[in-house]
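Remarks on the structure that follows.
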Amino acid sequence: MKRAIPVVVLSIAGLVPVWLYQPSAGSSTVQAVTPAPSTSSSSSSGTSGANVVTSSTITTEKGPVQLQVTFDGTKITAVKMLQQPNHPQTTAAVPKLIAETLEAQSADIDTVSGATITSEAYKKSLQATIDDNAKTAAASPSASASEASSRTVDGSALTTEKGPVQVQVTFSGTKITAVKMLQQPNHPQTTAAVPKLIAETLEAQSADIDTVSGATITSEAYKESLQAAIDAKG
């Protein structure tokens with residue numbers, strides 16, 4: 001199993017934006033933090049109208065598993081591990097589970113080989129938050145309006161010596177809510193760099209982000225394609 005480069009996902013006002021990318025984009029590491037004790041799922045609304053749902057803690061033989069999921073209407077926009085087993089296989093599995101969740105937009109995702117126990121607990125927690133959010137979303141008329149205001153723009157396709165690079169950016173108003181790689185070089189360093197580039201984009205809300213060491217060519221092309229999408233959006 002390839003080792004993923006850790007990425008610390010920073011929160012703004014308690015919310016973690018989301019990234020969307022195809023499975024080939026690799027994975028990003030989520031830093032586990034210890035939350036206040038929780039025995040049941042709970043939800044709260046963020047300042048931007050998002051709904052943040054915290055799952056109950058599931059105790060497994062490997063350790064506790066607990067998620068915090070952010071929804072925009074019925075769309076999963078971010079997943080954060082609040083508790084997870086302190087184990088190398090779990091550390092490697094979590095970014096893949098999150099990436100598959102953001103792509104599938106459900107708990108119907110594959111179990112990660114070598115981390116079956118954590119995967120099953122993750123999916124159970126995820127489904128609980130989805131069910132909780134569905135109740136809130138059903139009672140919220142603003143959810144459909146929020147989804148309707150989103151716009152997806154494709155950045156320019158760039159050819160590099162490593163391979164093609166193209167991003168697709170989703171905006172909600174002027175806010176970047178998701179970035180998806182439409183094309184990227186088939187290279188381990190690119191696979192590791194993409195989640196970091198996306199995470200930094202969602203935090204910076206612009207193309208003014210750092211180049212990832214070891215993936216300079218891909219990083220520069222990514223930023224150029226991203227800026228093109230931002231400019232096209234207007």
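The values are calculated or read from the model by the stated rules, or taken from the named source; none is laboratory data. Treat the numbers as computed from the prediction; the structure is a model and nothing was measured. So basically every Cβ, Gly included, is an ideal-geometry build from the backbone, and we count neighbours across all protein chains shown. These area figures cover heavy atoms from the full protein model, side chains too; ligands, DNA and RNA do not enter into them. Shrake-Rupley method; radii C 1.70, N 1.55, O 1.52, S 1.80 Å.
Residues whose amide H comes within less than 5 Å of that of Thr152, counting only those at least five positions distant or on another chain, are Phe171 (H built at 1.01 Å from N in the peptide plane). Only protein heavy atoms count here; under a 1.4 Å probe, Asp110 has an accessible surface of about 110 Å².
Less than 5 angstrom separates the built amide H of Val212 from those of Ser219, all sequence-distant by 5 or more or on a different chain.
The share of accessible area on the range 92-225 that comes from carbon and sulfur is 47 percent, using a 1.4 angstrom probe.
Taking the Cβ of Ser125 as the center, what net charge do the other residues with Cβ under 15 Å away carry, scoring Lys and Arg +1 and Asp and Glu -1? Net of charged neighbours comes to -1. The GluC sites (Glu not before Pro) of the range 153-205 that DSSP puts in a loop, and whose beta carbon has at most 11 other beta carbons within 10 Å, are Glu161. In order along the range 200-206, the Karplus-derived 3J(HN,Hα) couplings, from 6.51 cos²θ - 1.76 cosθ + 1.60 at θ = phi - 60°, round to 5, 5, 5, 7, 6, 6, 6 Hz, and Gly and Pro are given as x. In terms of modelled amide H atoms, which long-range or inter-chain residues lie less than 5 Å from the amide H of Ala78? Close amide H contacts, sequence-distant or interchain: Thr70. Residue by residue, the range 66-73 carries 3J(HN,Hα) couplings of 8, 10, 10, 10, 9, 10, 10, x Hz when phi is fed to the Karplus relation 6.51 cos²θ - 1.76 cosθ + 1.60 (θ = phi - 60°); x denotes Gly or Pro.
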